[in-house]
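Take a look at the structure set out below.
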Amino acid sequence: MMLTSEVKKYVDQSVLCWLATAAMDHMPNVSPKEVFTFFDDQYLIIANIASPKSVKNIQANPKVCVSFIDILVQKGFQLKGAATIASKKDSGYSEMEAKLLEITQGNYPFSTITKIKVEEVRPIIAPKYHLYPDTTESQQIESAKKTYGF
């Protein structure tokens with residue numbers, strides 16, 4: 001599955017993403033991630049800053065789901081795929097690390113990266129767009145600013 005320019009735009013606009021994992025016992029775990037970006041056209045990468053449960057679950061069960069939205073526009077995407085944990089010894093690690101260091105500016109240390117090969121992409125759209133089809137993104141942004149006190 002290719003990450004389109006629209007998906008990449010929302011990756012760049014989103015402050016957090018939510019990584020869902022499950023261990024072999026199928027118990028789900030959802031964890032917010034602050035440092036993430038796309039890598040090439042097939043991968044989402046996430047810095048493992050404080051992620052011991054996510055890493056452990058991925059090592060047991062690589063199937064993951066990641067969701068992110070622009071909180072003002074209230075649109076985004078859900079990505080599903082298979083994750084691996086990359087470390088400094090792995091091929092391509094330095095290139096992925098460089099992309100994530102642009103985001104952290106070195107302020108958040110990480111020693112591994114979750115690399116997700118995206119297999120499925122679905123849009124996330126606030127219900128207001130469906131209930132009121134004439135809603136524009138500008139109107140939604142103004143509404144969200146009022147609601148959240150921006």
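Brief remarks on what is shown
- Hits in segment 1-22 - residues which are part of a helix (DSSP H, G or I) and either farther than 30 Å from I141 by Cβ or touching a Cys at 6+ places or on another chain (Cβ under 9 Å) (or both): V11
- Residue match in segment 105-120 (condition: loosely packed, with under 10 Cβ neighbours inside 10 Å, of a type in the set (G, A, S) and closer than 30 Å to P52 by Cβ): yes
- Residue list for segment 23-42, filter: in a strand (DSSP E or B) and surrounded by fewer than 17 Cβ atoms within 10 Å (Cβ to Cβ): P28, N29, V30, S31, P32
- Verdict on S87 being closer than 30 Å to E137 by Cα, more than 13 Å from the chain's Cα centre (by Cα), small (G, A, S) and surrounded by fewer than 14 Cβ atoms within 10 Å (Cβ to Cβ): no
Values quoted throughout were computed directly from the atomic coordinates according to the rules given, and no laboratory measurement underlies them. Just so you know, these numbers come straight off a predicted model, no measurement behind them. Using ideal geometry, Cβ is built from the backbone for each residue, glycine included, and neighbour counts are taken over all protein chains shown.
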